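Here's the structure, in structure tokens; my notes come after.
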Amino acid sequence: MALVLDASVGLAWLLPDERSDEASRLIAQALRERPRAPSLLVLEVGNALLQAERRTRLRGATRIELFETFTALPIALEPVSAEAAARAGELAAAHALSLYDAAYLELALERGLALATFDDALSAAARAAGVALLPAR
């Protein structure tokens, strides 16, 4: 099943203190079908890794290595147009999401794809919007 991958899954796969078998399975499944994500995914993952380094959860060299590993994945990054941002804004307002999280939901709705996330609020919004979730909840 083709899907939209959010930052929570990528980070659960990357961060040594958050690694999970479920994240590894989702990444493996997603890569068989080339997942999609809004282009902001790269910034979200990069920022989370930078914050992990600042909080001494990672060393700088590890942060760089993890970021390079992530950006080498064959994820189809979709530019966020003004129209998509406006639709995401409406979804964010309707479901009490950040605009960033709503961008993943907007892309899943626009493309008719499942959404892979570990974020509870985003999962609830996806269910309310009729978007299939991975992992199924």
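The values are calculated or read from the model by the stated rules, or taken from the named source; none is laboratory data. Since we're looking at a predicted model, the values are computed, not measured. All Cβ positions, glycine included, derive from the backbone under ideal geometry; neighbour counts span all protein chains shown.
Among the residues making up region 18-28, those that are surrounded by fewer than 17 Cβ atoms within 10 Å (Cβ to Cβ), within 16 Å of the chain's Cα centre (by Cα) and not in a loop (DSSP other than H, G, I, E, B) are GLU22, SER24, ARG25, ALA28. Residues in region 57-82 that are modelled with pLDDT of 95 or more, out of contact with any helix residue (DSSP H, G or I) (no Cβ under 9 Å at 6 or more places or on another chain) and in a loop (DSSP other than H, G, I, E, B) were compared, and the one that is surrounded by the fewest Cβ atoms within 10 Å (Cβ to Cβ) is PRO79. Just one of the listed residues (ALA103, ALA52) is more than 16 Å from the chain's Cα centre (by Cα), surrounded by 18 or more Cβ atoms within 10 Å (Cβ to Cβ) and either of a type in the set (Asp, Glu) or farther than 12 Å from LEU3 by Cβ (or both), and it is ALA52. For region 30-47, the set of residues classified as closer than 18 Å to ALA116 by Cβ and surrounded by fewer than 17 Cβ atoms within 10 Å (Cβ to Cβ) consists of LEU31, ARG32, GLU33, ARG34, SER39, listed by residue number.
For region 14-29, a residue qualifies if it is closer than 15 Å to ASP119 by Cβ and without any contact (Cβ under 8 Å) to a residue 24 or more places away in the chain, and the qualifying residues are GLU18, SER20. Would you call SER123 at pLDDT 95 or above and under 12 Å from the mean Cα position of the chain (by Cα)? Yes: the conditions hold for SER123.
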